[in-house]
1. Which value at 222 nm does the chain reach when only helices count, each DSSP H run of 4 or more adding -39,500 (n - 2.57), with the total divided by all residues and rounded to the nearest 500 deg cm²/dmol?
2. Residues of the stretch 184-199 with amide nitrogen under 19 Å from the 7 Å Cα-to-Cβ point of residue 216?
3. Arrange the peptides 220-230, 33-43 so that the one whose residues have, on average, the most other Cβ atoms within 10 Å appears first.
4. Distance in nm between label sites at residue 249 and residue 93, each 7 Å beyond Cα in the beta-carbon direction?
5. Please check which bits of the stretch 69-99 a label hung off residue 207 would reach, taking the label as a point 7 Å along Cα-to-C-beta and the cut-off as backbone N under 12 Å.
6. Please report the relative contact order for the stretch 86-261, taking Cα pairs under 8 Å with a sequence separation of at least 6, and give it as a percent rounded to a whole number.
7. Report the extension gain between residue 256 and residue 164 in nm, rounded to one decimal, defined as 0.36 nm multiplied by the number of residues separating them, less their alpha carbon distance.
8. Quick check: the distance between the Cα centres of the stretch 151-170 and the stretch 32-95, to the nearest angstrom?
């Protein structure tokens, strides 16, 4: 099976699951929009006053997806209020962060099986061969602030190299390495105490494949690259391929990181 065929089947399967999860009863959707209480909403549907995609629907249990279907009551289109969602995922190797990569076999967002998954956007990205912490949200301002270099949100990585990085190499990374007309700089580089050729590298910018390029410029190859924190939020013991909602405290802490970094 070709890569594009696998990608097509994978996306189709995920889309079907997402659509099923996101559907809700028509009467419930009307109530969630604030147009009427649930019981009154059911009566409005039965009376023929509700259109779904231009057609009259009289079954209160008719399934609709508020993000795709157009629902109108007495000629006025209804819009449900958006609830902001904040999620962290431990991305495994082999998954692509970008939703728009047509050549990807697997998308990281496919691992998130929640109601709002279809509308989630990642804060920055990890390349296919990297793993670790990714933060997703449908809150556009929040995502932009986490991802934009102007806000100086630190990202911490655990990196395994094929050889030791001596003091001179570490200084080069801290002072800045010119590569492909870009200056690549690490905020912090320190050796792990638990493993040879293992380093903790902190960045406050996210240039494409930045750590791999810096190591290559120092004559080393990257064997493993794992993001272990974004701002104050740490990956912790979240298993690979699993996700969870960020706590209110974590979201507020990330917002504070953005405010302090401006």
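Here, each number is a calculation from the coordinates, and none is a lab measurement. This is a predicted model, so every value here is computed, not measured. Because the Cβ atoms are built from the backbone with ideal geometry, glycine has one as well, and the counts that use them run over all protein chains shown.
1. On the way: 7 runs with 75 residues, N = 262.
Mean residue ellipticity at 222 nm (helix-derived): -8500 deg cm²/dmol.
2. Inside the label zone: 184-186.
3. Numbers: 220-230: 18.1, 33-43: 15.1.
My ranking of the peptides, most packed first, is 220-230, 33-43.
4. A separation of 3.4 nm, rounded to one decimal place.
5. From the stretch 69-99, the list is empty.
6. Details: 336 pairs, mean separation 51.4, N = 176.
About 29 percent, as a whole number.
7. Gain on extension, residue 256 to residue 164, equals 29.5 nm.
8. When both Cα centres are located, 48 Å separates them.
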